[in-house]
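A short reminder: the numbers here are calculations on the coordinates, not readings from a lab. These numbers come from a predicted model, not from an experiment. Cβ placement follows ideal geometry from the backbone for every residue including glycine, while neighbour counts extend to all protein chains displayed.
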Amino acid sequence: MEVYKVVIHDSNCSTSFPYVVELCLHYKIGERITPKIGKIFVFKTKWHAEKFVKKYGLIMCSFIFEGEAEKCTSISKICNFMSTDDYRSFWKAKKNHKDPEDFCVTQEPPEGTLVCSAFTPEKIVPFSWEHKG
């Protein structure tokens, strides 16, 4: 399934989850990546990815990969990932079909968010700020 992944570009490295170093994933064009814990967060459309970048002020330090995702599903809650323990608790609850709110503070995901079991970046796509939203 074609999806879009927002990544932070720092020190010549494209990463996600930069604030929890041990969970950081490093992305390279054409290389399949799987998460260390849980799933990888992606967006259904480029528009959703751009909306996320604008909302959180990531324009100067991020870019968007277009790529192929495996086993995508929607997600209704995400954890306010404050620590590795919160992140582990969230995904353990999801795996055991329990309410993640019992283990960490949750919120609705950004519009258009999906989760996937693996992601292969195919290209970097340019931002297009002409659309509304």
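If I model a spin label at LEU58 and ASN80 as a point 7 Å from the Cα along the Cα→Cβ vector, what separation in nanometres do I get?
It is 1.9 nm.
Within the chain, what is the longest stretch that has no trypsin sites (Lys or Arg not before Pro) placed in a DSSP loop and near at most 12 other beta-carbon atoms within 10 Å?
Numbers: sites that count: LYS28, ARG32, LYS71, LYS98, LYS132.
The longest uninterrupted stretch comes out as 33-70.
Which of the following values of P(r) over Cα pairs in 5 Å bins from 0, in percent was calculated from the structure shown: (1) 2, 11, 21, 24, 18, 12, 7, 3, 1, 0, 0; (2) 2, 11, 20, 24, 22, 14, 6, 2, 0; (3) 2, 9, 16, 17, 13, 9, 7, 5, 4, 4, 4, 3, 3, 2, 1, 0, 0, 0?
(2)
Taking Rh as the Kirkwood radius, which is the inverse of the mean 1/r over Cα pairs, what is the Rg/Rh value for the stretch 41-109? Spell out each step's value before the answer.
Values: Rg = 13.9 Å, Rh = 13.7 Å.
Looking at the stretch 41-109, the ratio lands at 1.01.
Just to check I understand the Karplus step: with θ = phi - 60° and J = 6.51 cos²θ - 1.76 cosθ + 1.60, what whole-Hz values come out for the stretch 117-123, glycine and proline as x?
8, 7, 9, 10, x, 10, 6
Which chymotrypsin sites (Phe, Trp or Tyr not before Pro) in the stretch 35-132 sit in a loop by DSSP (not H, G, I, E or B) and have at most 12 other Cβ atoms within 10 Å of their own Cβ? Please list the in-between numbers first.
Values: sites: PHE41, PHE43, TRP47, PHE52, TYR56, PHE63, PHE65, PHE81, TYR87, PHE90, TRP91, PHE103, PHE119, PHE127, TRP129; in loops: TYR56, PHE81, PHE103, PHE127, TRP129.
Within the stretch 35-132, the qualifying chymotrypsin sites (Phe, Trp or Tyr not before Pro) (loop, at most 12 other Cβ atoms within 10 Å) are TYR56, TRP129.
Report the relative contact order of the chain, percent, no decimals, based on alpha-carbon pairs under 8 angstrom and at least 6 residues apart. Each step should come with its number before you reach the end.
Numbers: 253 pairs, mean separation 46.2, N = 133.
Once divided by the residue count of the chain, the mean separation gives 35 percent.
Hey, can you grab everything whose amide H is under 5 Å from the amide H of LEU114? Only 5+ residues off in sequence or another chain; H modelled, so Pro and N-termini drop out.
VAL42, PHE43, LYS44
What is the distance, in nm, between label points placed 7 Å from the Cα along the Cα-to-Cβ direction at GLU2 and at GLU101?
A separation of 3.7 nm, rounded to one decimal place.
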